[in-house]
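K.L.:
I have a structure here, written as structure tokens, and I will follow up with some questions on it.
What follows is calculated from the coordinates using simple rules that are stated; it is not laboratory data. Everything numeric in this text was worked out from a predicted model, so none of it was measured. Positions of Cβ are generated from backbone atoms using ideal geometry, with glycine treated the same way; all protein chains shown enter the neighbour counts.
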Amino acid sequence: MAVAAYASLLSLSHVLENLQHPARRTRLHLDSNQVQTLHQTVQFLLEFLEVDSGRISQEMEDLARQIAILADEAEDVIDLHVVYQLGQGSRDKSQDMAALSSFYQDIHKVVQKIDSIMNELGMIRKESTDVSKQQPVVFVLESSSTAFTSSGKSSTMVGFDEHLVRVMDELTRNEPDLQIIPIIGMGGIGKTTLAKNTFDNPYIVHHFDRRIWFTISQEYSAREILVRLLNDGKDQESNKTLAQLGQRLHQNLFGRRYLIVMDDMWSISAWDELRLFFPNNRNGSRILVTTRISNVAISLGTHSPYVMDFLDEDKSWNLLCQKAFGEDNCPYPKLEEIGKTIAKKCNGLPLAIVVIGGLLANSNRTLEHWESVAKSINSFSNLEYSERCLKILSLSYDNLPIHLKPCFLYMRIFPEDDVIKASKLIKLWVAEGFLKTSRAKTLEEVAEEYLRNLIDRNLILVHKWHYGGKKAKTCRIHDLLRDLCLRQSQKECLICVPKAQRISFFEPWESCLCFLCSSRLNEDQRMDLPEVQVASQSTSLESLLVCDGCRIMYPNLVRLRLLRVKAYEDDIEFLHPTKLRYLKISDDMQLKFESPSTISLLWNLQTLTLKLPYRVNLPSELWDMPQLRHLISDGVVDLPHPAVTQDSMIMENLQTLAHFRNFRCTIDVLDRVPNLKKLGIVYLEKGSGGLENLARLQKLESLLVIEKDVSLLANITFPTSLKKLTLTSCCIPWEEMTVFGSVLPNLEKLKLYGNAFKGPEWSPVEGQFPRLKVLIIWENDLVWWRAESIHFPKLERLDLYEMHCLEEIPSGIGDIPTLLSIHLWDCSDSSINSAKQILEEQQSSGNEILQLYVDEGQVVSVTQ
């Protein structure tokens, strides 16, 4: 429950910060001292959980459960009162005073209960501290994640032969200095198996004078490790100090060529405490480290990490055969097809294949039994398989700091094998309130750090990187790790969902209704969707996620709208659910989106995405919603001009304003969105767009303009912060590109669609695009492109689509030292031939990095 308490406190913290926003304070009648006091209490409890979450007793678990309930209760009390005030109409003062008095009483009761819990926590903490001072600390030196000791038997190496050869080569190559070689990968990928087979290889045994293997657990003691290294834990070393033990180890290794394997390292601090005791004998000694955490591997410093990937389908099948039959092939033809299906469902994770292979080896070899195994392999119905795998993978979860656990557990809401946009995941984490605020960073930047950390720990897998490889574009989670999320979510009582995902131990929890169904579900897997009235009137609903297939699976859902529903007996009507933070409505839902003016009563709403086939006019009240961070449409939505008043609200949190029709960038509007990072505008009507004012957006990084009236772009200005520019159908003369390039010193990505620039010739000028990495030109009548390498000195990728008139790609493009790839789709034959010539010239000069793609295929050499 500590994670649930932490997540609930974080969410409450965001609500309290929202209340302290200047715009809220002027519109709401609240006791600021009471709000601030509660906020300070919440911060104290958050810090307490961050420090003590790893050693919480059963008493503390019970208190954590109460904290989670009270935090949710406080949020509900605040929300009900805020919405009452925001929705007040013709009520008299006596009603308002009665409501205010009731609010103060309710929140005071919650605060008193929290104070009582804080006192109990203090007493328990003191008692546990006193006990810990009296009792010795017991350290576990062997991690349960490995089945090996230094004298254990090596495991099957199917699919690992190439890894074994490469690691052995690193261990024995002619490099005299001491080298540290990290092996990195997620739990169960085979790191320990590879290290053990390397350690026991006869050539390695002969090559090194001394070999030592030890496992570093999550709770380690440098002193106890040294004792084990020296004498396998015998009593004569037990009274020596750390320095004495280290000196003896140094003496034992000095002058010898040694191999040390440190298996399952979780923290660089373990190495920092031991590194001084391993001498650099300059005789080819090596230290081999296995770890699940990228940062640990990188911090070791002397050698690039050796990354272990998943097995392909053929190697997965071979490993399954080894475990199930003890040979490389299947001796039963009738089982081969279903066996390959089972192997494929393991998603290339050796741990899963080994465990399921062991189960198959000791069971009936009938087609019916193997088919039942195939059906249950990705569910908890196969308990033995799940327990054995999750026991190992749970170590990665246990090692997570508490601030990362809610974000990891949230991954369970996505269907199996789902490819998740990182940008969407970040928005959802922000909306759920899982991120701790930072003065120096936006919540999105904090979320990116959390995502990077989970990727480094191999708990979230990168499916596709943004160009340049620094940030994940899409990601996914391995099925077994998703099962771990399901198990831990239930244990922590953090995230519960309806029955759509067929997890029997989950009960619907209305604070997180996730309509994630998918058309793959069978009739018996459909959840019992509550009546639409119940869902729409819930005040505690925070996330309404509607994905593909819901319209078919749940007929009731097609009637769901954002409707005005009665909330109070005095007939004041407003939108529910009021705690909604993330809302996306797509055209495939066949839902009619009605946007009443009372949308501002969704005072917690952060992200509103509309993908609709019909034109919608949003209400001006959106400009009175300071929590909004992302407003996204697909070009058919009109966002009205805000009313200009003395108390006009500054939308400090708004970062995305994308694809709105005929949006006017007037000075008063742009000054209200000072932190805007992404802006997309679709001009379908003539008139002043105010593009000459864009330079006022000093934090703008991405700009998209769809415009057929070139006159509107005549006076456009750009902020120097711009990194990505997309222009469509603008028909700007190529000669004007000189002006564009000269004012975009930080531009990294330029996308030109549908004759964004027009004319037969483009002659770039040196110095225009000093940092441009990606250039995309789609459907353009350009004939002669006269460019050299100096015009795009940092270009990494060139994409040309439907360039039917282009004579050739300038040969100088191939001389750009950073260029990695050229992509051509439906282009002229002459441009394709010039690209092949560039590739030939680069290959002949030793450039093996540049890749050429024509239509869907990759041209490896010019002979293709």
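K.L.:
Within 10 Å, count the other beta carbons around each residue, average over each peptide in 664-673, 352-361, and list them highest first. All intermediate terms of the calculation are to be shown ahead of the outcome.
P.N.:
Details: 664-673: 17.4, 352-361: 21.8.
Ranked by mean Cβ neighbours within 10 Å, highest first: 352-361, 664-673.
K.L.:
Continuing with the same structure: Using a Förster distance of 25 angstrom, determine the FRET efficiency expected from the C-beta separation of residue 20 and residue 620, and round it to 0.05.
P.N.:
Working: r = 25 Å, r/R0 = 1.00.
Calculated transfer efficiency: 0.50.
K.L.:
Tally Lys/Arg at +1 and Asp/Glu at -1 over every other residue whose Cβ is under 13 Å from the Cβ of residue 781; what's the total? Walk me through the numbers on the way to the answer.
P.N.:
Numbers: positive: 758; negative: 761, 779, 802, 807.
Residues close to residue 781 contribute a combined charge of -3.
K.L.:
Can you tell me how the stretch 726-864 classifies by the Cα gyration tensor, rounded, prolate or oblate, using a/c under 1.5 as the rounded cut?
P.N.:
On the way: a/c = 1.91, a/b = 1.34, b/c = 1.43.
Oblate, because a/c is 1.5 or more while a/b does not exceed b/c.
K.L.:
If one computes the Cα centroid of the stretch 292-321 and of the stretch 451-496, what distance in Å separates the two points?
P.N.:
17
K.L.:
Right, next: What's the Cα-based Rg to Rh of the stretch 161-307, Rh via Kirkwood?
P.N.:
Numbers: Rg = 14.7 Å, Rh = 15.5 Å.
In the stretch 161-307, Rg relative to Rh is 0.94.
K.L.:
Additional query: Just subtract the alpha-carbon distance of residue 464 and residue 731 from 0.36 nm times their residue separation and send over the number in nm, one decimal.
P.N.:
Working: separation 267, 0.36 × 267 = 96.12 nm, distance 3.31 nm.
Full extension of this stretch gives 92.8 nm more.
K.L.:
Moving on to the next point. Can you pull the one-decimal nm distance between simple spin-label points at residue 314 and residue 111, each 7 Å off the Cα toward Cβ?
P.N.:
So the label points at residue 314 and residue 111 sit 7.0 nm apart.
K.L.:
So in the stretch 661-747, what percent of DSSP beta bridges are antiparallel if you round to the nearest 5?
P.N.:
Values: 0 of 12 bridges.
Given both bridge residues lie in the stretch 661-747, the antiparallel proportion sits at roughly 0 percent.
K.L.:
Grab the beta carbon distance between residue 763 and residue 811, set R0 = 22 Å, and tell me the FRET efficiency rounded to 0.05.
P.N.:
Numbers: r = 15 Å, r/R0 = 0.70.
Working from the Cβ atoms, E equals 0.90.
K.L.:
Mind running the shape call on the stretch 597-644? Use the C-alpha gyration tensor, a ≥ b ≥ c as the square roots of the eigenvalues: rounded below 1.5 for a/c, prolate if a/b tops b/c, oblate otherwise.
P.N.:
Numbers: a/c = 1.95, a/b = 1.35, b/c = 1.44.
It is oblate, given that a/c is not under 1.5 and a/b is not larger than b/c.
K.L.:
How charged is the neighbourhood of residue 738? Take every other residue with its Cβ under 14 Å from the Cβ of residue 738, and add Lys/Arg as +1 and Asp/Glu as -1. Working shown, then result.
P.N.:
Working: positive: 786; negative: 735, 736, 761, 766.
Local charge sum for residue 738: -3.
K.L.:
Just to confirm the filter: which trypsin sites (Lys or Arg not before Pro) across the stretch 771-853 are DSSP coil and have at most 12 other Cβ within 10 angstrom of their Cβ?
P.N.:
Those satisfying the criteria are 786.
K.L.:
Right, next: Using 0.36 nm per residue of separation minus the Cα-Cα distance, give me the extension gain between residue 776 and residue 437 in nm, one decimal.
P.N.:
Values: separation 339, 0.36 × 339 = 122.04 nm, distance 3.66 nm.
Taking 0.36 nm per residue and subtracting the Cα distance, the gain is 118.4 nm.
K.L.:
Near residue 277, within a Cβ-to-Cβ distance under 12 Å, what is the net charge of the other residues, with Lys and Arg +1 and Asp and Glu -1?
P.N.:
Details: positive: 223, 248, 275; negative: 272, 273.
My count for the surroundings of residue 277 gives +1.
K.L.:
In whole Hz, with x marking every Gly and Pro, tabulate ³J(HN,Hα) for the stretch 416-427 from phi via Karplus 6.51 cos²θ - 1.76 cosθ + 1.60, θ = phi - 60°.
P.N.:
4, 6, 6, 9, 10, 5, 4, 5, 5, 4, 5, 4
K.L.:
Additional query: Of the listed peptides 29-36, 262-269, what is their order by residue-averaged count of other C-beta atoms within 10 Å, with the highest listed first? Before the final figure, lay out the partial values.
P.N.:
Values: 29-36: 13.9, 262-269: 20.6.
Descending packing order for the listed peptides: 262-269, 29-36.
K.L.:
Hey, can you rank 416-422, 6-12 by average C-beta count inside 10 Å, highest first? Could the numbers behind the result be given before it?
P.N.:
Values: 416-422: 16.1, 6-12: 25.4.
Most protected by this proxy first, the peptides run 6-12, 416-422.
K.L.:
Could you work out how much longer the chain between residue 239 and residue 205 gets when fully extended? Use 0.36 nm per residue separation minus the Cα distance between them, nm to one decimal. If you can, show how the numbers build up before the last one.
P.N.:
Values: separation 34, 0.36 × 34 = 12.24 nm, distance 3.25 nm.
Gain on extension, residue 239 to residue 205, equals 9.0 nm.
K.L.:
Under a plain spin-label model, where a point goes 7 Å from the Cα along Cα-to-Cβ, how far apart in nm are residue 58 and residue 638?
P.N.:
The answer from the label model is 6.6 nm.
K.L.:
I would also like to ask the following. I need the shape label for the stretch 313-378. Rule: rounded when a/c is under 1.5, else prolate if a/b > b/c, else oblate, with a, b, c from the alpha carbon gyration tensor. Can you show the working numbers first?
P.N.:
Details: a/c = 1.35, a/b = 1.10, b/c = 1.23.
Rounded, since a/c falls under 1.5.
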